[in-house]
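Chemist: I have a structure I would like to understand better, so I am pasting it below and will then ask my questions one at a time.
Each value in this text was obtained by applying a stated rule to the coordinates, not by laboratory testing. In this text the structure is predicted, and so the values were computed from the model without any measurement. As a convention, Cβ positions derive from the backbone with ideal geometry for all residues, glycine included, and neighbour counts pool all protein chains shown.
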Amino acid sequence: MSIITRSPFLFRINTGSCNGCDVELATTAMIPRYDVERLGCRYTGSPKHADILLVTGPITARSKPYLIEVLDELPRPFVVVAIGTCPTSCGIFRDSYSIEGPLDKYIKVDVNVPGCPPRPQAIIDGIAKAIEIWKRKIRDEK
Amino acid sequence: MNAEIINFLIFPGGIFAILLGLILMSVERILVARFQRRVGPVFYQNIIDIIKLFNKETLIPKDAKDFIFKFAPLFGFSGMLVLVYFLPIPGVYEGIKGNYDLIILIYFMALPAISHILGGGASSSPYAAISVSRELKLMLVYEFVFIIIGLTLAIYVGNGSGEFSLKKIMDYQLQNGYFLFDWKLWPAFLAFLIFVLATLEVPPFEVAHHNSADIMEGYLIEYSGVPLAMFEITEALKIVVLSIIFQIFFFPSVMGDDIVLNLLWFIIKTLFLIIFIALVHASLASFRADQEFKFLIRVPVTLSLLSLILVILSIKGLI
């Protein structure tokens, strides 16, 4: 059943990011040239369809409940990818009063894509690695 | 197995139509990607998507109306499955040869939208509620356009009396020239293309299930796993059904008596429709909900009514 890992659906959530990483993610989604659809990916609008969750931003106090809600709504098995420095380590916002990150306080992060913002090629590479991890998770589940 | 079961489950309907529709959807994605200078997925991508969704966990929200939520996709799916069995494919398949199948076709074409409305309404999500209200408004307009186009053709073929048999509409065109080349029906043809885009909900008419903008997939927001796969299969069958209707209404040309050759010719004509859809998909942005409603109520309704008036005038002998 390794064929099913060729159709990952992506969902992205912005947890208080400055939009830099979101713009870079959008270049892999809507703008010509960098193509995640080549890997079979498709951006979906609902976390319930998703297999791979892309998180941008240091988790702010306001966005934390929504992040936890999204993590509950994802069907198992799923893979979490942290896009940019912010969800990995909170970056320059670390120790700020309104930051409740980094992301691995709440869920085991499978792939970190560092950079501020990361290049589109790095994001696509991160998604390709996430697909490998997703494949392993499906195998372990059976 | 007798011939009708094979027709329903394997050759024009059932497995063949589902696979053809899914491949056509993937081809549309590839074409959009190529128009945007990307590579795009493989040509069987949507089949993999369906296999994956069947293996995925199905989540049902706590507040959803359980029974309707689970079985709503089946309304549209069964409607489209019956239509593929029921419609004649020019030169390939005879259909059920009813005398009033155009009327039944008009009824059945509304079923996928009704399944979206039922499913979205039962899923207890505010996004789905907004999407359902939009879909209802738009459905009223584009179904109206489809009914006028159907009536126009029926009046034209029956020479004033109304001929509701699809077989006779096809035979009339094979004898008297295709409606695609008849100037009186060009406005109806344009209206039909807009109807195809509006029922398939490709970008300019995407307000009911945007996936990246305001309503987050709309009525599909709470769906996952098998019911979501059923909605995808319904979309695939809808592309096949719309292509068959397009060919019956405007261009039922055949290549001799050979079924294989005719089937290939049918698929080539379908590909032209897909190229048109992909071109519109790749080049136009989406309407706002009110803009889409105004556009649909002005342009295609006017065009189809214009065709109806021209046809009535020509039957009266005035033009």
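Chemist: Can you tell me the length gained on complete extension of the stretch B:VAL226 to B:ALA285, counting 0.36 nm per residue apart and subtracting the Cα distance?
Modeler: Length gained between B:VAL226 and B:ALA285: 18.2 nm.
Chemist: Helix-only estimate, please: 222 nm mean residue ellipticity of chain B, summing -39500 (n - 2.57) across DSSP H runs of length 4 or more and dividing by its residues, to the nearest 500.
Modeler: -23000 deg cm²/dmol
Chemist: For chain B, what does the relative contact order come out to in percent, with C-alpha contacts under 8 Å and a separation of six or more?
Modeler: Value for chain B: 29 percent.
Chemist: As a footprinting exposure proxy, order A:TYR43, A:TYR106 by other Cβ within 10 Å, with the fewest listed first.
Modeler: A:TYR106, A:TYR43
Chemist: Loop only per DSSP, at most 16 neighbouring Cβ atoms within 10 Å: give me the chymotrypsin sites (Phe, Trp or Tyr not before Pro) in the stretch B:237-275, ordered by residue number.
Modeler: Filter output for the stretch B:237-275: empty list.
Chemist: Still on this structure: Between the alpha-carbon centers of the stretch B:2-21 and the stretch B:26-87, tell me the distance in whole angstrom.
Modeler: Between the Cα centre of the stretch B:2-21 and that of the stretch B:26-87, the gap is 18 Å.
Chemist: Based on the Cβ-Cβ distance from B:PHE144 to A:ARG38, what FRET efficiency comes out when R0 is 45 Å, to the nearest 0.05?
Modeler: After rounding to 0.05, the efficiency reads 0.65.
Chemist: Report, for the stretch A:2-137, the % of DSSP beta bridges that are antiparallel, rounded to 5.
Modeler: Beta bridges within the stretch A:2-137, antiparallel portion: roughly 5 percent.
Chemist: Now for a separate question. With an 8 Å Cα cut-off and a minimum separation of 6 or more residues, compute the relative contact order for the stretch A:2-137 in percent.
Modeler: 28
Chemist: Can you show me the helix-derived [θ] at 222 nm for chain A, built from DSSP H runs with n ≥ 4 at -39,500 (n - 2.57) apiece and divided by the number of residues, rounded to the nearest 500.
Modeler: Helices in chain A give a 222 nm mean residue ellipticity of -10000 deg cm²/dmol.
Chemist: Tell me, what are the semi-axes, in whole angstrom and largest first, of the equivalent ellipsoid of the stretch A:2-137 as set by the roots of 5 times the Cα gyration tensor eigenvalues?
Modeler: 23, 17, 12
Chemist: Let me ask something else. Compute log10 of I(q)/I(0) for the stretch B:53-316 with the Debye formula, placing one identical point scatterer on every Cα and leaving out solvent, at q = 0.12, 0.13, 0.16 Å⁻¹, to two decimals.
Modeler: Debye intensities relative to I(0), on a log10 scale: -0.75, -0.87, -1.23.
Chemist: As a test, work out the antiparallel percent of DSSP beta bridges whose residues both lie in the protein assembly as shown, rounded to the nearest 5.
Modeler: Restricted to the protein assembly as shown, the bridges split so that about 10 percent are antiparallel.
Chemist: Let me ask something additional. From zero outward in steps of 5 Å, how is the percent of C-alpha pairs of the stretch B:192-241 spread across the bins?
Modeler: 5, 19, 24, 27, 18, 6, 1
Chemist: Using a Förster radius of 25 Å, what is the FRET efficiency between B:SER161 and B:THR302 based on their Cβ-Cβ separation? Nearest 0.05, please.
Modeler: 0.45
Chemist: Here is a further query. Averaged across the residues of A:2-10, what count of C-beta atoms belonging to other chains lies within 10 Å of each residue's C-beta?
Modeler: Taking the mean over all residues of the peptide, I get 5.
Chemist: What percent does the relative contact order of the stretch B:52-167 come to when contacts are Cα pairs within less than 8 Å and at least six residues apart?
Modeler: That works out to 32 percent.
Chemist: While we're here: Could you list A:THR56, A:THR5 in order of exposure, starting from the residue whose Cβ has the fewest other Cβ atoms within 10 Å?
Modeler: Listing A:THR56, A:THR5 from fewest to most nearby Cβ atoms yields A:THR5, A:THR56.
Chemist: Additional query: Between the stretch A:54-84 and the stretch B:221-254, what is the separation of their alpha carbon centroids in Å?
Modeler: Each part's Cα centre sits 34 Å from the other's.
Chemist: Send over the per residue convex hull volume for the protein assembly as shown, Cα only, as a whole number of Å³.
Modeler: Output value, Cα hull per residue: 146 Å³.
Chemist: Report the gain in length on full extension from B:LEU271 to B:LEU180: 0.36 nm times residue separation, minus Cα-Cα distance, nm rounded to one decimal.
Modeler: Here the segment from B:LEU271 to B:LEU180 would lengthen by 31.1 nm.
Chemist: Same structure, new question: Take A:ASP104 and B:PHE35, extend 7 Å from each Cα along the Cα→Cβ direction, and tell me the distance between the two endpoints in nm.
Modeler: 4.4
Chemist: Moving to a separate point now. In nm, give the distance between the simple-model label positions of B:ILE309 and A:ALA61, each being 7 Å from the Cα along the Cα-to-Cβ direction.
Modeler: The two pseudo-label positions are separated by 6.6 nm.
Chemist: Could you tell me which of rounded, prolate or oblate describes the stretch B:179-294, using a ≥ b ≥ c as the square roots of the eigenvalues of the alpha-carbon gyration tensor, with rounded for a/c under 1.5 and, failing that, prolate when a/b is larger than b/c and oblate otherwise?
Modeler: oblate
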